[in-house]
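Some notes on the structure that comes next.
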Amino acid sequence: MVPTNPSEFEPIKVTTANTEFKTVSAAIPTGTIAAIPAKAHAHRALIAAALADSPSTLLIAHYSEDIDATIASLRGLGAIIEKTESGVRVIPIPENQSHGTIDAHESGTTLRLLLSVGSAICDTTDVTAAGRLPNRPLEPLKSQLEAHGITFSATKPPFTISGHLTGGLFEMVGNVSSQFFSGLLLASPKLDEDTLINSTTPLQSRDYVTLTRHVMADFGVMAYTTDDGNSFTVPKGQHYHGLENYPIEGDWSNSAIWLVAAAITGQPLTITNLQPDSTQADKRILDIIDCAGTTVEWQTEDGTVIEDEQLDNIKTPLRLHCEGRAIDPITVDLEQCPDLLPVLAALACSIEGESWFINGERLRLKESDRLLAVRDLVRTLGGTAHIEGDNLYINGTGRLTGGTVTSHNDHRLVMAASLMALFSDDPITITDSQAINKSYPLFFKHWNELGGHAE
């Protein structure tokens, strides 16, 4: 078992200014590992706690650059957040804040969620961002905030936002970022009237908005949705209430790395601290690797297999066991789970035949243009991939040549390149491996503890 002692998870330092190199070879990771806390859940819980009417304690055993960016920004908006042995204690933001600051660094989630929050609680808020983030789109959210009483001093960070956000009807397309919807939902209890948020197109990544609604409900605020999941209503007069020892669930996005490693190698790997009923979008990884031929089972701690229809009745902790090599090419619709593309591209390269990844338009707006970056990663390492429109096609052979690659400062490409080393003739050197700190600073430590080899 990889250790998960909270003392191991000290707040990290931003390191993206200093390029780091990691060389990964074909040593196979296997064994048991605890899923790290879900970054998406932590962002939302921290915000709800900071907006509550009483203090909260959140159980977070692991930090990352993105989580630290949200903590720092909430402090800039007036919250007092202290890190403890088990997580954080949050003293909420006082009422009637005149001025705040948001420093999102390179965290798109921090920026997109907190723009609405800052607009709702402060007279003015100074907003900064780093890396590629200032050039990533803020529309249609920016126009909707302006239509509800907010002015921007510039079109992209750094800028100052002024005014107080009003409630009412917000309408946006749903194919740019679901985080625009989540940010407005989180801010809505601070507005002066009922809030209706409507997606004028089918909402993509709606599972993340469902997660937002669940967190809001945990803290006492109800947000209602229509049957199609494209419109949301938050009645006025609700308040977030502080919670003690609120747990952050395990992260399916980062656990996908280990599930894909098992599917590539066929070696057994077990993950603890995941919830079978999670609403996280990247839980879809289970169906994908199952269809490719890998066996995935929920087990009790003594190894008893639990069938799917029994999961709702099990109250004891479960673990997810995965083994058996994936052999069938995969077809993945990325509309609801775009973040899975990089690690699934590694899986596709390990399987003989052509795998399809469709509806990847929003991947062009991530830390890198992930469609192009993943295609180039595959080609650089000796594989075959091409793009048609917003679809990526990979013709896997089961082998790559290895070599030196860049992650384009994208943490998910670091993960993908590491997985590709498992079936490459030569080791793979990642020239900007420090990008992993955005979401999983202990990744290479855990990789080596499971028997992999990164140096």
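Things worth noting here:
- Candidates Leu133, Leu111: the one that is modelled with pLDDT under 95 and touching a helix residue (DSSP H, G or I) at 6+ places or on another chain (Cβ under 7 Å) is Leu133.
- Number of positions in segment 282-331 that are farther than 16 Å from Gly250 by Cβ and out of contact with any strand residue (DSSP E or B) (no Cβ under 7 Å at 6 or more places or on another chain): 18
- Conditions (1) of a type outside the set (Asp, Glu); (2) touching a strand residue (DSSP E or B) at 6+ places or on another chain (Cβ under 8 Å); (3) on the phi > 0 side of the Ramachandran plot; number of the one not met by Val173: (3)
- Evaluation of Ser86 against (1) modelled with pLDDT of 95 or more; (2) farther than 30 Å from Asp194 by Cα (one fails), failing number: (1)
- Flag for Thr155 being free of Cβ contacts under 8 Å to residues at least 24 places away in the same chain and either open to solvent by 10 Å² or more (accessible area, probe 1.4 Å) or not acidic (Asp, Glu) (or both): yes
- Those residues of segment 213-235 which are under 20 Å from Gly87 (Cα atoms) and assigned to a loop (DSSP other than H, G, I, E, B), in sequence order: Phe219
- Restricting Gly168, Gly163, Gly149 to residues that are at positive phi, at pLDDT 95 or above and open to solvent by 40 Å² or more (accessible area, probe 1.4 Å) narrows the list to Gly149.
- Residues that are open to solvent by less than 10 Å² (accessible area, probe 1.4 Å), among the polar types (S, T, N, Q) and within 26 Å of the chain's Cα centre (by Cα) do occur in segment 120-130.
- Positions within segment 134-143 being touching a residue at least 40 places away in the same chain (Cβ under 8 Å) and open to solvent by 10 Å² or more (accessible area, probe 1.4 Å), in sequence order: Arg136, Pro137, Pro140
- One residue from Leu74, Leu114 being within 30 Å of Asn273 (Cβ to Cβ) and touching a residue at least 60 places away in the same chain (Cβ under 8 Å): Leu114
- Pick from segment 56-83, criterion among the small types (Gly, Ala, Ser) and either at pLDDT 95 or above or not assigned by the TED database to the domain that holds Thr212 (or both), ranking: farthest from the chain's Cα centre (by Cα): Gly78
- Index of the failed condition, Asn395 passing every other in (1) modelled with pLDDT under 95; (2) in contact with a His (Cβ under 9 Å, 6 or more places away or on another chain): (1)
- Just so you know, in segment 424-455 the residues that are open to solvent by 10 Å² or more (accessible area, probe 1.4 Å), touching a residue at least 40 places away in the same chain (Cβ under 8 Å) and part of a helix (DSSP H, G or I) include one that is nearest to Arg136 (Cα to Cα), and it is Asn437.
- Residues being assigned to a loop (DSSP other than H, G, I, E, B) and either in contact with a strand residue (DSSP E or B) (Cβ under 8 Å, 6 or more places away or on another chain) or open to solvent by less than 30 Å² (accessible area, probe 1.4 Å) (or both) - total across segment 236-251: 9
- The single condition among (1) without any contact (Cβ under 8 Å) to a residue 24 or more places away in the chain; (2) open to solvent by less than 40 Å² (accessible area, probe 1.4 Å) that Gln97 does not satisfy is (1).
- Meets criteria (touching a strand residue (DSSP E or B) at 6+ places or on another chain (Cβ under 9 Å) and modelled with pLDDT under 95) for Pro29: yes
- Complete set of residues in segment 202-235 that are surrounded by 16 or more Cβ atoms within 10 Å (Cβ to Cβ) and among the hydrophobic types (A, V, I, L, M, F, W, C): Leu203, Val209, Leu211, Val215, Met216, Phe219, Val221, Ala223, Phe232, Val234
- Note on segment 90-104: residues that are assigned to a loop (DSSP other than H, G, I, E, B) and of a type outside the set (A, V, I, L, M) amount to 4.
- Qualifying residue in segment 286-295 (condition: crowded, with 17+ Cβ neighbours inside 10 Å, part of a helix (DSSP H, G or I), in contact (Cβ under 8 Å) with a residue 40 or more places away in the chain and in contact with a Leu (Cβ under 8 Å, 6 or more places away or on another chain)): yes
To keep it simple, each residue is scored yes or no on (1) more than 28 Å from Pro427 (Cα to Cα); (2) touching a residue at least 12 places away in the same chain (Cβ under 8 Å).
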position	(1), (2)
Lys283	yes, yes
Glu297	yes, yes
Thr304	yes, no
Asp333	yes, yes
Ala348	no, yes
Ile351	no, yes
Trp356	no, yes
Leu365	yes, yes
Ala373	no, yes
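The values are calculated or read from the model by the stated rules, or taken from the named source; none is laboratory data. Since we're looking at a predicted model, the values are computed, not measured. No Cβ is skipped: glycine too gets one built from the backbone with ideal geometry, and neighbour counts run over all protein chains shown. The area values use the complete protein model at the heavy-atom level, side chains included, leaving out ligands, DNA and RNA. Shrake-Rupley method; radii C 1.70, N 1.55, O 1.52, S 1.80 Å.
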